[in-house]
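Undergrad: Please read through the structure below; I'll follow up with questions.
The values are calculated or read from the model by the stated rules, or taken from the named source; none is laboratory data. Worth saying up front: this structure is predicted, and the values here are computed from it rather than measured. Cβ sites come from the backbone with ideal geometry, for glycine too, and all protein chains shown count toward neighbours.
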Amino acid sequence: MSTKKSNKTLKIVQVALFAILIFCISNIAIAESKVIKVKSENKNLSKQINEIKNTNQKLNEENQKLQSSIDEKKSSYEEKMKDVKIAYLTFDDGPSKNTLDILKTLKEYNVKATFFVNGHEELTPLYKKIAEEGHALANHTYSHNYKTIYSSVNNFENDIKKLDKFLTQITGKEPTHVFRFPGGSNNTVSRKYGGKTIMKDIIKEMDKEGYVYFDWNVDSTDASAFRQNKDKIVSSVINQSKHTNKAVVLMHDLNPKTTTVQALPEIINGLKAQGFVFDVMSKNSPQTQFVKVNNVK
C-alpha cells in the first residue's frame, strides 16, 4: 500500500515537472518569437530612419540650391536697381483738408506715394482712402508732440504703437513698421525733453523692435514757411533730385500747405523728365537716414 502511494506521488511529481518543463519551453519559444519580431521591427525602423535621413539630406541640398539661386537673383536685382532712378514722394503730418486733392493728383498721374501720418480720429475715412488707392501708410507718431514723445524711449515707442493699432483698426492691415521721426533722426529739439542721448536710445530700441525709419534727401522746403511759394517748392525738389538716383522727397500734408498741392503736378512731371519712376516706401527701400542705425548699435 505504501509502495503504491509512493509511486502515485512520484507520477504526480513527474507530471508536474513535465508540465513545468513544457511551460518553460513554451515561454522560451514565445520569448524567442518576440525577440525575432522586435529585431524585425527594429530592422524596418532602421530602414525607415535611413530613408528619412536620405530624404532630409536631399531636401537640405535642394533648399541650399534654392537659397543660393534666390541670393544670386537678389544680388543681380539689387545691382541692376542701383542705376534705376526711383522717387519716393512722402507727405508728413496728415491727413488734412488737402489729402483728397493730393490723392486726386496722384491718381491722375498714376503715381503712388507714402503718407507718414499722425493720429486724427475724426479723419478716419482719409486713412482708409489712402490705403485703398494703393499708397503706403507709414508712421509719424500718433501725437507728433515733441515734449511727450521725446521725453523717454518708452513714451516714443508707446506713441508709435498707438498709431500702429489705430491704423490697423481702420485698414485691417498689419503695421508696416516703417516710420519717420518728427524733426528727423538728427533733430536736436529732442534733447530738451529727453537729454543728449535720447535719439540714439530711441533708435536702438526701435531697431530692436523691428522698425525701420526713413529721413529724406530732397527737401521741398514747404515747411520753411507757413505757406511756401509754389515755384520755390518745385525748384527745390527738381534741383535737389538731380544729385541722387534715389530721391526721398519731403513734403507736408497740412491744412496751410495748399501750395504743396499746387506744386505736385510740376514736381511729378519734372521728376519724370529726369528719368525717375515712382514707388512707395517699405522696410526694403534704400535707407535714407541722417543718423545711420548701424552707427548707434
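Undergrad: How many of the residues in the stretch 107-126 are part of a helix (DSSP H, G or I) and either out of contact with any Leu (no Cβ under 8 Å at 6 or more places or on another chain) or surrounded by 23 or more Cβ atoms within 10 Å (Cβ to Cβ) (or both)?
TA: Going through the stretch 107-126 one residue at a time, the tally reaches 7.
Undergrad: If only one of LYS230, LYS246 is assigned by TED's automatic domain parsing to the domain that holds ASP279, touching a strand residue (DSSP E or B) at 6+ places or on another chain (Cβ under 7 Å) and surrounded by 17 or more Cβ atoms within 10 Å (Cβ to Cβ), which one is it?
TA: After applying the criteria, what remains is LYS246.
Undergrad: Looking only at the stretch 122-147, which residues are over 16 Å from LEU100 (Cα atoms) and touching a residue at least 24 places away in the same chain (Cβ under 8 Å)?
TA: Within the stretch 122-147, ALA138, ASN139, HIS140, THR141, TYR142, SER143, HIS144, TYR146, LYS147 meet the criteria.
Undergrad: Can you tell me which of (1) assigned to a helix (DSSP H, G or I); (2) within 30 Å of the chain's Cα centre (by Cα) is the one GLN262 doesn't meet?
TA: Every condition holds for GLN262 apart from (2).
Undergrad: Please find, within the stretch 270-289, the residue that is nearest to HIS135 (Cα to Cα) out of those that are touching a residue at least 12 places away in the same chain (Cβ under 8 Å) and outside any loop (DSSP other than H, G, I, E, B).
TA: Among them, the one singled out is PHE278.
Undergrad: Going by the conditions given, is ASN54 exposed (fewer than 11 other Cβ atoms within 10 Å of the Cβ), part of a loop (DSSP other than H, G, I, E, B) and at pLDDT 80 or above?
TA: When the stated conditions are applied, ASN54 does not pass them.
Undergrad: Of everything in the stretch 127-160, what is surrounded by 17 or more Cβ atoms within 10 Å (Cβ to Cβ), among the hydroxyl-bearing types (Ser, Thr, Tyr) and part of a helix (DSSP H, G or I)? Give them in sequence order.
TA: Within the stretch 127-160, TYR127, TYR146 meet the criteria.
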